[in-house]
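Peer 1: Encoded as structure tokens, here's the structure I'll be asking about.
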Amino acid sequence: MTKAKAYAGWAYATPTALFVLVFFVLPILLVGRMSVSDWGLFAGNRGWNAPENFTAAVDNRLFWPAVWFTLKYTVVTTVILLGLALGLALLVQESSRWTGFLRTSFLVPSALGLASASLLFYALYSPQASPFPGQISFLGTPWSALWSTVALIVWRFAGFYMLLLLVGLNSIPGDVYEAARLDGAGRWQTFRHVTLPLLRPSLALCTILCVTGSLLAFDQFYILTKGGPDNSTVTIVQLVYNVAFQGQNNLGRAAALSIVVLAALLIVNMLQFRGLRGKER
């Protein structure tokens, strides 16, 4: 009976393990091999050239501007998105006549794919199809292009993060709030000393997802701005794409950039986990 259960467990785990191996482990190994090789898009592998790809990737004139823009976009998006999502979750937490309608309305944008939402906003921002006055340039300057893209992401993902935070809010026992009221705590004191500490696991999950997604931003900028104007909205992942398929056609250098991005993501996530674990303790 024990062996049968063990075999059943392996049977259930094997498809997932194969999926991870084929679509995660093997691609990473291939990218690692490319990153230390002179590997052109059309010429193929022309031999070992480490660490030339990494030095060339860092010396790329768009590397540091892309890093800075990606970090700026990540901070702006994370702060606005999580703040709005928390506000929406608090708004629809209590049952009322309009709660179901509001929850559905906030969640509807999450049903769209990011590419579809980007195309929708591209039409909205276009002078030919936009309902706004023609003199408004949504994508014509670096500042407006950044905030126009942030508006898209907030609209698309606010409902999703609201749902995650709403689950966290509903898991807080009502007895805790009752005890706070008996102690004379006001709304702000209850929110600060009861709701936020008990909501920390949900906030941590949302923060990690939002930061990771923002650091890997590609679709929205590729569709809305193409990195413009004047390469001011090129993200680090878009730079990887440009090096691999536009201009240089160099898969080796693009792979080296990808390894750098992967290492940065691992460090950022480790710091987030460590910081949040320290707060919980």
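Peer 1: If you check ASP230 against the conditions, is it closer than 30 Å to SER137 by Cα and among the charged types (D, E, K, R)?
Peer 2: Numbers: closer than 30 Å to SER137 by Cα: yes; among the charged types (D, E, K, R): yes.
Here the answer is yes, as ASP230 does meet what is asked.
Peer 1: In region 116-148, how many residues are under 24 Å from LYS72 (Cα atoms), without any contact (Cβ under 8 Å) to a residue 60 or more places away in the chain and not in a helix (DSSP H, G or I)?
Peer 2: 3
Peer 1: Suppose we filter region 114-166 for residues that are closer than 30 Å to LEU198 by Cβ and out of contact with any helix residue (DSSP H, G or I) (no Cβ under 8 Å at 6 or more places or on another chain); how many remain?
Peer 2: Narrowing region 114-166 to residues closer than 30 Å to LEU198 by Cβ: 150, 153-166.
Subsequent filtering for residues that are out of contact with any helix residue (DSSP H, G or I) (no Cβ under 8 Å at 6 or more places or on another chain) retains none.
Count: 0.
Rundown of residues vs (1) within 24 Å of the chain's Cα centre (by Cα); (2) over 21 Å from GLN246 (Cβ atoms); (3) without any contact (Cβ under 8 Å) to a residue 24 or more places away in the chain, yes/no style:
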| residue | (1), (2), (3) |
| --- | --- |
| TYR12 | no, yes, yes |
| GLY32 | yes, yes, no |
| TRP39 | no, no, no |
| ALA43 | no, no, yes |
| ASN53 | no, no, no |
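Peer 1: Among the residues of region 210-244, count how many are farther than 29 Å from LEU82 by Cα and touching a helix residue (DSSP H, G or I) at 6+ places or on another chain (Cβ under 8 Å).
Peer 2: To start, the set of residues in region 210-244 that are farther than 29 Å from LEU82 by Cα comprises 230, 242-244.
From what is left, the residues that are touching a helix residue (DSSP H, G or I) at 6+ places or on another chain (Cβ under 8 Å) are 230, 243-244.
Summing the residues that are farther than 29 Å from LEU82 by Cα and touching a helix residue (DSSP H, G or I) at 6+ places or on another chain (Cβ under 8 Å) in region 210-244 gives 3.
Peer 1: Among the residues of region 154-175, is any more than 26 Å from LEU205 (Cα to Cα) and among the acidic types (Asp, Glu)? Walk me through how you get there before you give the answer.
Peer 2: As a first pass, look at region 154-175 and keep what is more than 26 Å from LEU205 (Cα to Cα): none.
No, region 154-175 has no match at all.
Peer 1: Out of the residues in region 68-104 that are modelled with pLDDT under 90 and polar (S, T, N, Q), which is farthest from LEU196 (Cα to Cα)?
Peer 2: Once the filter is applied, the top-ranked residue is THR104.
Peer 1: Also: Name the residues in region 242-281 that are modelled with pLDDT under 85, charged (D, E, K, R) and either in contact with a strand residue (DSSP E or B) (Cβ under 6 Å, 6 or more places away or on another chain) or outside any loop (DSSP other than H, G, I, E, B) (or both), would you?
Peer 2: ARG274, ARG277, LYS279, GLU280 - these are the residues of region 242-281 that are modelled with pLDDT under 85, charged (D, E, K, R) and either in contact with a strand residue (DSSP E or B) (Cβ under 6 Å, 6 or more places away or on another chain) or outside any loop (DSSP other than H, G, I, E, B) (or both).
Peer 1: Residues in region 195-211 that are over 13 Å from ASN170 (Cα atoms) and polar (S, T, N, Q): how many?
Peer 2: Counting residues in region 195-211 that are over 13 Å from ASN170 (Cα atoms) and polar (S, T, N, Q) gives 1.
Peer 1: With the requirement that a residue be touching a residue at least 12 places away in the same chain (Cβ under 8 Å) and under 28 Å from LYS72 (Cα atoms), what does region 179-208 give you?
Peer 2: LEU199, ARG200, PRO201, SER202, LEU203, ALA204, LEU205, CYS206, THR207, ILE208
Peer 1: Could you list, in sequence order, the residues of region 238-258 that are surrounded by fewer than 20 Cβ atoms within 10 Å (Cβ to Cβ) and not polar (S, T, N, Q)?
Peer 2: TYR241, PHE245, GLY247
Peer 1: Within the set of pairs 6+ apart or on separate chains, which have a first residue in region 102-115 that is within 22 Å of LEU90 (Cα to Cα), a second that is exposed (fewer than 12 other Cβ atoms within 10 Å of the Cβ), and C-beta atoms under 9 Å apart?
Peer 2: Once the first residue is within 22 Å of LEU90 (Cα to Cα) and sits in region 102-115, its partners that are exposed (fewer than 12 other Cβ atoms within 10 Å of the Cβ) give LEU102/SER96.
Peer 1: Anything in region 44-87 that is aromatic (Phe, Trp, Tyr), in a helix (DSSP H, G or I) and either in contact with a strand residue (DSSP E or B) (Cβ under 7 Å, 6 or more places away or on another chain) or more than 21 Å from TRP147 (Cα to Cα) (or both)? List them, or say none. Spell out the reasoning first.
Peer 2: Step one: filter region 44-87 for residues aromatic (Phe, Trp, Tyr), giving 48, 54, 63-64, 68-69, 73.
When the remaining residues are screened for being in a helix (DSSP H, G or I), the result is 54, 63-64, 68-69, 73.
Selection gives PHE54, PHE63.
The values are calculated or read from the model by the stated rules, or taken from the named source; none is laboratory data. Computed from a predicted model, the values in this text were never measured in an experiment. A quick note on method: Cβ atoms are made from the backbone with ideal geometry, for glycine too, and the neighbour counts reach across all protein chains shown.
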